[in-house]
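Peer 1: To start, I am sharing the structure in question, which I have written as structure tokens.
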Amino acid sequence: MAIGTILRLVKCTVSVNGTVEEAVKCVKVTNGIDGCTVAFVPRVLANLPVVKKQINKFVVVGELYDDSPNKYKKDKSFKNCGMASVVTLEEDAMAE
């Protein structure tokens, strides 16, 4: 994954230690076609209204924490096997 990668947030169910839970996955979009799942929205964020409002909408990767000069972000990314921040396309359009 790279900065500028377009993803779509998709609601799904996952099995965690034998318990089925709702989750939000990030699906990579290439040439307008959904591809593979590349990440999941953290559980603590998945139920927030701001995230629920973006289900089935597109987001763009804005920062890869591995590449951040911020030590906290780098450490957090290492602990979680990779992390990134995203911006909705609507937010991106409003910023211009």
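Rule-based calculations on the coordinates, nothing more; no lab input. Since the structure is predicted, the reported quantities are computational estimates derived from the model, not experimental observations. A quick note on method: Cβ atoms are made from the backbone with ideal geometry, for glycine too, and the neighbour counts reach across all protein chains shown.
Peer 1: Kindly provide the set of residues from region 39-61 that are over 17 Å from VAL14 (Cα atoms), hydrophobic (A, V, I, L, M, F, W, C) and in contact with a Leu (Cβ under 6 Å, 6 or more places away or on another chain), ordered by number.
Peer 2: VAL51, PHE58, VAL59
Peer 1: Output the residues belonging to region 50-78 that are aliphatic (A, V, I, L, M) and part of a helix (DSSP H, G or I).
Peer 2: VAL50, VAL51
Peer 1: Same structure again: How many residues, within region 63-81, are surrounded by 14 or more Cβ atoms within 10 Å (Cβ to Cβ) and either under 14 Å from the mean Cα position of the chain (by Cα) or not charged (D, E, K, R) (or both)?
Peer 2: 5
Peer 1: May I pose another question? Please find, within region 3-36, the residue that is surrounded by the most Cβ atoms within 10 Å (Cβ to Cβ) out of those that are free of Cβ contacts under 8 Å to residues at least 60 places away in the same chain and part of a loop (DSSP other than H, G, I, E, B).
Peer 2: That would be THR5.
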